[in-house]
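The values are calculated or read from the model by the stated rules, or taken from the named source; none is laboratory data. Just so it is clear, the model here is predicted, and its values are computed rather than measured. Cβ atoms come from the backbone with ideal geometry, glycine included; neighbour counts cover every protein chain shown. Areas reflect the complete protein model, heavy atoms only, side chains present, ligands, DNA and RNA absent. Shrake-Rupley method; radii C 1.70, N 1.55, O 1.52, S 1.80 Å.
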Amino acid sequence: MDADRADRTRALRRVLGVALLLGAGFLAREAGAPAARWQFERQPAFRAASFESALGQGALLALFGGFRGVMADFAWVRAYVHGTRRDRASFEVCARLSLTLAPDSFLFWRDYANAVAYDEPWWETDAHEDARRRRLPENERARIFRDAALRGLDALAQGIVHCPQREAEFRELAALLWLNKLGDTAKGAEQLRLAAECARPSWWASTAYPVILSRDLGKRDAAAAWLRGRIAKIRAGTDPDPLRLLADFEEILRSLEKPPAARNSRREQSREAHGGVPTRR
Amino acid sequence: MSMSAPTSHLFAAPRESFRRVRHIAGNTFREASRQKFFAFVVVLASALALSGLFLRVFSFGMSELRFVADFGFGGIFLFGSILGIVMTAQLFFAELDNRTVLTLLARPVRRWEFIAGKFFGMWLLLGVFVAATGGVLAALLQTRSLELASLAAETGAPAPWFSAGGLGVFLVLQWVRLGVVAALTLFVCAFARSFLYAVVVSALAVLVCQLRGFGALATTSTGGATGDAPSLPLRLAGNALVLVPDLQVFDLGVPLALEPAGVAGEVLRSAALSGLVFTAAPLALAAWIFSDREV
């Protein structure tokens, strides 16, 4: 009888123990919800493309704990070594690890995007040609280079999400890819416009955009209108001008407003030699 | 007068309990702080924080202060966890193996008071560890941020941001976090039969707690950008993780100390509160299990 009572008491205590743990768990989950939500929104691993990869990246992030920055650097060195060996798969693994561990690093995103867009297609075509001992057909080469440029654009777009304060630099690189690798001047110009109009604009994008718009896309009026708008905003003080762009804008506008035959001053000739963009004084 | 006697009797027991817990905690702290292992871990963690200054040349992707701070933050959690697990288990099993627990429990000391005393002694020691290592890190970051600020002023670059107050808040949170680690270890010790088993299981438990935040992905149907619904076993596992503390919510060092935006008070309170709940719950369970244990 006593033994039965002792068994019942023991079982009851176990049930109560589990109930206490569950109660504490739910209480802690509710109490910790704002902190967990904040971490969730801050960690890019949670915004990964798929659930499984998010879990994998998250596991890495959690395991390395406070040493994230250090591990990201070591992974980046490994990525560089794999890059010198043209080992694309290993390069991708290490570079992605670096980006997961230190997603707010401008350098990692910039160099990764450049490597993906400019280096990887050469590694790929060389690997194919070494294996086949003949040159790849031109259309196949073009496809590989185009795909790489698009992957580079993806990386740059992710870089903007993680390092919004460096948006202008990322958009400049994106513009170069559209202009030089993908041959889409309109999209390149659009990236330059966004780089010129973001919170911390770039000097090159600000001056190159109206020139490309007028010279390459034939939209002289649109370029002049854009310049007039920017000049008016800078003069009114609504647009800060930390890069002292006013004089450059006025010079480009004057050049656009002249008939083509009249554009023959030494300064304008110099600008033509630099692709239409004014040289930095 | 007739009312005062029962009232004083009512409060006498908690007061006595508190006194006994304080004595056990003080003894535990003294015993632990005299061990060479503690001094070794403090020196090692401080050296690791200092080494960040010399290894900063290997930093490529982030600011120098961030790199140095990462070394310090990593060291505090890594060595703090080692200290919290190994010393808690060692002090607990030393009492059992040396039979001093029998002498102690032969006195009017309740078993939960023994567990609470061990915990608070250990938590105090972890506080000293966090303060010592955090002090070295704060001095390092303060000195280097001033040097970098004067360099930035010369070049016209933006000066790096460092908040000593933010670092202080982060250190308090780390103390709470290490309290969770010590409480979990005591919970394991309460049923473990050997020191090695307690250390290994506690270390694995801390690892699981560190990964706990990702259980949230399993419980939500829109965890990934694609919105793929996780499978049923994953969802169940995610729900079971409610029993596991989330140690990732304490990783607030960089935003607190190195980012001007800082962290909202609500987030800090939430992290601290969840830590305290997950300290109290394993302790209560440890006391419960230990009350039935043959010593």
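What are the lysines whose alpha-carbon lies under 28 Å from the alpha-carbon of B:LYS118, with same-chain residues fewer than 8 places away excluded?
B:LYS36
Per residue, how many Å² of accessible area does region B:4-292 show with a 1.4 Å probe?
44 Å²
Using the Kirkwood radius over C-alpha pairs as Rh, can you work out the diffusion coefficient of region B:36-135 via Stokes-Einstein at 20 °C, viscosity 1.002 mPa s, in µm² per second?
139 µm²/s
Placing +1 at every Lys and Arg Cβ and -1 at every Asp and Glu Cβ, with all other atoms neutral, what dipole size does the protein assembly as shown have around its Cα centre, in debye to the nearest 20?
540 debye
Within 10 Å of each Cβ of B:273-286, how many other protein chain Cβ atoms are there on average?
5
Under 23 Å from the Cα of A:LYS181, which lysines turn up, not counting those fewer than eight places away in the same chain?
Counting by Cα, and skipping residues close in sequence, A:LYS181 has these lysines nearby: A:LYS219.
Using helices alone, what [θ] at 222 nm do you get for the protein assembly as shown, with -39,500 (n - 2.57) per DSSP H run of 4 or more residues, divided over all residues and rounded to the nearest 500?
Rounded to the nearest 500, the figure is -25500 deg cm²/dmol.
For B:244-253, what's the mean count of beta carbons from other chains sitting within 10 Å of each residue's beta carbon?
Average neighbour count from other chains, rounded to a whole number: 5.
Any idea which of A:VAL77, B:GLY80, B:LEU234 is furthest toward the positive side of the dipole for the protein assembly as shown, if Lys and Arg beta-carbons carry +1 and Asp and Glu beta-carbons -1?
Projecting each Cα onto the dipole axis, the largest value belongs to B:GLY80.
Using Cα atoms only, what is the angle between the long axis of helix B:4-33 and the major principal axis of chain B, expressed in degrees (0 to 90) to the nearest 10?
Relative to chain B, helix B:4-33 is tipped by roughly 60 degrees.
At q = 0.11, 0.16 Å⁻¹, what is the base-10 log of I(q)/I(0) for region B:4-292 according to the Debye formula with one equal point scatterer per Cα and no solvent? Please give it to two decimals.
Calculated log10 I(q)/I(0) at the listed q: -0.75, -1.25.
Can you work out ³J(HN,Hα) from phi for every residue in region A:241-251, in order, using Karplus 6.51 cos²θ - 1.76 cosθ + 1.60 and θ = phi - 60°, giving whole Hz and x for Gly and Pro?
Using θ = phi - 60°, the values come out as 10, x, 8, 6, 8, 3, 5, 5, 4, 5, 5 Hz.
Considering every pair of different Cα atoms, what Kirkwood radius, in Å, is found for the protein assembly as shown?
Over the protein assembly as shown, the inverse of the mean reciprocal pair distance is 28.0 Å.
With a sphere of radius 13 Å drawn around the Cβ of B:ARG19, what net charge do the other residues whose Cβ falls strictly inside it have (Lys, Arg +1; Asp, Glu -1)?
Here the charged neighbours net out to +3.
What ³J(HN,Hα) values, in whole Hz, does the Karplus curve 6.51 cos²θ - 1.76 cosθ + 1.60 give for region B:141-150 when θ = phi - 60°, with x put for Gly and Pro?
Couplings: 5, 5, 4, 5, 5, 5, 4, 5, 5, 5 Hz.
Average partner chain C-beta neighbours within 10 Å, per residue of A:160-171?
Numbers: counts 0, 0, 0, 0, 0, 0, 0, 0, 0, 0, 0, 0.
What the average comes to for A:160-171 is 0.
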